[in-house]
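Enquirer: Sharing a structure with you now.
The values are calculated or read from the model by the stated rules, or taken from the named source; none is laboratory data. The structure displayed is predicted, hence computed values, not measured ones. The accessibility values were calculated without ligands, DNA or RNA, using every heavy atom of the protein model including side chains. Shrake-Rupley method; radii C 1.70, N 1.55, O 1.52, S 1.80 Å.
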Amino acid sequence: MNPGFVVNGAMNNGLKPIHTGGDELAGYMATAITDDWASPREMVEAWSKTHGPFTFDPCASKTNATAPEYLTEQDNGLMHPWKGKIWFNPPYGRVLTHWMEKANLELDSGRVELIVALLPARTDTKWFHNQVLARGHTVRFIKGRVKYGNGKSPAPFPSIIVIMRPGGSE
């Protein structure tokens, strides 16, 4: 079973995603107090069954890591090499462009086998066109809105899962 939606398919199992924060989305949502938005455990577990197990999380905290090896905000995942199979739920603010560039650089390094990314569905942005579509990555749309971590309400924006492999789509 593959969680989510396929771009040109009809698959839907109702799983939902997580993560936000940052002023890039300020016109669309209330400003977040924190950038520490935990991925929904059930979503990570479902994707791990089909694409994992995940071995590395470059955007974690000690309380929300999704893999045995992880980097925290203090470690700054933009400054370290990545490896293995990665669950990727980066900060969604203006720095998202840098995180997507880093993800593609790490794919090109040969150390990374796979990245499953939980991202805002911002299909009108440069990062989406340059770092996702132009690279031929697989995009899966998520039905409904993701409820991040211990949030009481779902995110005020749609989300996608992007499956990134060296050389493009799966």
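Enquirer: Considering all alpha-carbon pairs of the stretch 91-140, what whole percent are spaced by more than 13 angstrom?
Expert: 57
Enquirer: If you roll a 1.4 Å probe over the heavy atoms of the protein chains, what accessible area per residue do you get for the stretch 97-170, in Å²?
Expert: Ligands and nucleic acids excluded, the result is 46 Å² per residue.
Enquirer: Once phi is turned into θ = phi - 60°, what whole-Hz ³J(HN,Hα) does the Karplus curve with 6.51, -1.76 and 1.60 give for every residue of the stretch 156-167, x standing for Gly and Pro?
Expert: Ordered by residue, 3J(HN,Hα) equals x, 9, x, 10, 9, 10, 10, 9, 10, 10, x, x Hz.
Enquirer: Which value results for Rg/Rh of the stretch 107-170 when Rg is the Cα radius of gyration and Rh the Kirkwood radius based on the inverse mean 1/r?
Expert: 1.03
Enquirer: Next question, about the same structure. Please compute the contact order of the stretch 84-170 in relative form: average sequence separation of alpha-carbon pairs under 8 Å and at least six residues apart, divided by the residue count, as a percent.
Expert: Relative contact order comes out at 33 percent.
Enquirer: Under the 0.36 nm per residue contour assumption, what length would be gained going from the current alpha-carbon distance of Met79 and Glu45 to full extension?
Expert: Computed gain between Met79 and Glu45 is 9.5 nm.
Enquirer: Calculate one ³J(HN,Hα) per residue across the stretch 114-127 by plugging θ = phi - 60° into the Karplus curve 6.51 cos²θ - 1.76 cosθ + 1.60, and present them in order as whole Hz with x for glycine and proline.
Expert: 6, 10, 10, 10, 9, 9, x, 7, 9, 6, 9, 9, 5, 4
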